[in-house]
Amino acid sequence: MSPKAAAMAAKTLKKEAGDRVRKRLLAKRDELIQDLAKNRQVSEETIDESAQDMADRATSAYTKEFAYSLSESDRKILLLIEEALGRLDAGSYGTCIHCSQVVQEKRIEAVPWARHCLDCQELQDKGLL
């Protein structure tokens, strides 16, 4: 195969991989948007608190707090997905935003919105980045 044909084949494979990742990111984004809508509905549904006993109020408060914490986590992932889609469009997807090394394929497979390679993610988790 000529070098030009090999380069075109590699570009086609890269585009197909990018399309697969984009589909996964968009599917996860849609799922999170639906979850956020459900959580918002749960937190908005309130029973007349004057008619509740103390245990019902506590359960209701816990349910609202739990839904809020899920929503906050979902919002963070949603932002990371939007950033990943932007990196995909810019052609920098799959590159660590800290050290500029290639993000491991298994990491991208597990977390397609990953911003860091494994080493930098460990530093991030320890608060060193």
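Quick check on my filter: what residues within segment 79-129 are assigned to a loop (DSSP other than H, G, I, E, B), under 23 Å from residue 23 (Cα atoms) and of a type in the set (S, T, N, Q)?
Selection gives 92, 104.
Starting from residues that are out of contact with any strand residue (DSSP E or B) (no Cβ under 7 Å at 6 or more places or on another chain) and either buried (at least 16 other Cβ atoms within 10 Å of the Cβ) or in contact (Cβ under 8 Å) with a residue 24 or more places away in the chain (or both), keep the ones in segment 94-103 and report whichever is nearest to residue 78 (Cα to Cα).
96
Name every residue in segment 20-33 that is farther than 12 Å from residue 112 by Cα and either modelled with pLDDT under 90 or among the basic types (Lys, Arg) (or both), in order of residue number.
Correct list: 32, 33.
One line per residue, one yes/no per condition, for (1) at pLDDT 75 or above; (2) more than 18 Å from the chain's Cα centre (by Cα):
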| residue | (1), (2) |
| --- | --- |
| 70 | no, no |
| 82 | yes, no |
| 88 | yes, no |
| 92 | yes, no |
| 100 | yes, yes |
| 103 | yes, no |
| 108 | yes, no |
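The values are calculated or read from the model by the stated rules, or taken from the named source; none is laboratory data. The model shown is predicted, which means the values in this text are computed figures rather than measured ones. Reconstructed Cβ throughout: ideal geometry from the backbone, glycine too, with neighbour counts over all protein chains shown.
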